[in-house]
1. Take the residues in segment A:65-82 that are within 7 Å of DNA strand C (Cβ to nearest atom) and touching a residue at least 40 places away in the same chain (Cβ under 8 Å), then tell me which one is farthest from the other protein chains (Cβ to nearest Cβ).
2. Assigned to a helix (DSSP H, G or I) and more than 15 Å from DNA strand D (Cβ to nearest atom): is that true of A:LEU144 in this structure?
3. Is it true that some residue in segment A:149-166 is more than 14 Å from chain B (Cβ to nearest Cβ) and either open to solvent by 60 Å² or more (accessible area, probe 1.4 Å) or in contact (Cβ under 8 Å) with a residue 24 or more places away in the chain (or both)?
4. What number of residues within segment B:34-64 are away from DNA strand C (no atom under 15 Å from the Cβ), touching a residue at least 12 places away in the same chain (Cβ under 8 Å) and more than 20 Å from A:THR28 (Cα to Cα)?
5. Considering only residues that are within 12 Å of DNA strand C (Cβ to nearest atom) and aliphatic (A, V, I, L, M), which ones fall in segment A:95-129?
6. Give the residues of segment B:83-94 that are without any contact (Cβ under 8 Å) to a residue 24 or more places away in the chain and either more than 8 Å from DNA strand C (Cβ to nearest atom) or open to solvent by 90 Å² or more (accessible area, probe 1.4 Å) (or both), sorted by residue number.
7. Among (1) more than 11 Å from DNA strand D (Cβ to nearest atom); (2) within 14 Å of chain B (Cβ to nearest Cβ), where does A:LYS112 come up short?
8. Just the residues that are open to solvent by 30 Å² or more (accessible area, probe 1.4 Å) and within 14 Å of the chain's Cα centre (by Cα), please, taken from segment B:58-70.
Number of protein chains: 2
Amino acid sequence: MILDSETKAVELPEDHGDELRLWLRLLTCTTLIEGEVRSRLRERFDVTLPRFDLMAQLDKVPDGMTLSDVSKRMMVSNGNVTGLVERLVESGHVDRRTSETDRRVQVIRLTKLGRAEFRRMAEEHETWIAEIFTDLTPKDVRELMRLLAKTKGSAQKAAQKSTGKAP
Amino acid sequence: MILDSETKAVELPEDHGDELRLWLRLLTCTTLIEGEVRSRLRERFDVTLPRFDLMAQLDKVPDGMTLSDVSKRMMVSNGNVTGLVERLVESGHVDRRTSETDRRVQVIRLTKLGRAEFRRMAEEHETWIAEIFTDLTPKDVRELMRLLAKTKGSAQKAAQKSTGKAP
DNA sequence: AAATAATTCTTTAAGCTTCAAGTAACTTGG
DNA sequence: CCAAGTTACTTGAAGCTTAAAGAATTATTT
């Protein structure tokens, strides 16, 4: 703590350059990889990344999930999911029906076509990811996982603090 | 290498689950932080993240830069930058003029207003980032920087390979 | 039971983003 | 010089994304 001549607390600008550089590097990595995956998905399967991501969520749950669940898991807005699902239903990849127990809720699932196409894409997608991370040793991967988990926790705490929400 | 009964090379599906999980975690971290920064920029300064990012690029170069430079640095498409710049010129934050030596080139710079506003925002932005990464020790930060640098290099190699471009 | 609150989802407007195609200007090889 | 190729940027269409407001339904409170 630094006190000025009138004995009042004064904030000195601290240096947070390292954190800023870390954030920019994190963002660069993600943007780079995301762009690569996006362009491969487009040229190999003529599918967009958001559509692939949504189908990936649905592939994990045979009985389907609600739009809200999708929204939370994908960390995008509700309205966004509404539009995405509409296009996936239109193209026959996703099935949507109103919940029997709660008529506000829409339950969506992959159709047979949707699941088949997703599995085909996912297989290749996984090899792309492996190729992209190919320079990392297994130890690097473990260490990155650990540090990113810590980062995620830290970021979540900060986000809670700013919105005043409970965990 | 695995050979089947007719002595033909066969591809067995290798396990790349670790890399896939790493990628998803990386994406989660970035999305989380990006969302937090986006919402704070909006509520504190009523500015969008892309506008802030573009201004950040321009703040680093007093003499301005071309649209192509911005496009490469931000890793977004040319058309995207055209639109962003148009709105920033409209709002008086950015100045744009045609290069004297090459009339294809547009050089853009921050206006006085743009620079003042950006500096004001950047100062606070830096503290947000520090807060978001607050749980990481200096050693964690260094280690993450190192591993992300390695990741970036690996991803760039993979991207080159797929597009057949020179570094 | 009725009013109130909370939730789930949709809609709308504005802006962001990509891709592909197009225009204008510069560069290069013949 | 000039034709062909390259580069820099813009345009247009489609899709993505958010924030905010609204509609419908369910849950809670009184």
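The values are calculated or read from the model by the stated rules, or taken from the named source; none is laboratory data. Treat the numbers as computed from the prediction; the structure is a model and nothing was measured. Heads up, the Cβs are rebuilt from the backbone with ideal geometry, glycines too, and the neighbour counts pull from every protein chain shown. Side chains included, ligands, DNA and RNA excluded: accessible areas come from the protein's heavy atoms. Shrake-Rupley method; radii C 1.70, N 1.55, O 1.52, S 1.80 Å.
1. By that ranking, first place goes to A:THR66.
2. Against the criterion (assigned to a helix (DSSP H, G or I) and more than 15 Å from DNA strand D (Cβ to nearest atom)), A:LEU144 qualifies.
3. Yes, there is a match, as at least one residue in segment A:149-166 is more than 14 Å from chain B (Cβ to nearest Cβ) and either open to solvent by 60 Å² or more (accessible area, probe 1.4 Å) or in contact (Cβ under 8 Å) with a residue 24 or more places away in the chain (or both).
4. Counting residues in segment B:34-64 that are away from DNA strand C (no atom under 15 Å from the Cβ), touching a residue at least 12 places away in the same chain (Cβ under 8 Å) and more than 20 Å from A:THR28 (Cα to Cα) gives 5.
5. Listed by number, the residues that qualify are A:VAL105, A:VAL107, A:ILE108.
6. Residues satisfying the conditions are B:GLU86, B:VAL89, B:GLU90, B:SER91, B:GLY92.
7. It is condition (2) that A:LYS112 fails.
8. Of everything in segment B:58-70, just one residue is open to solvent by 30 Å² or more (accessible area, probe 1.4 Å) and within 14 Å of the chain's Cα centre (by Cα), namely B:ASP69.
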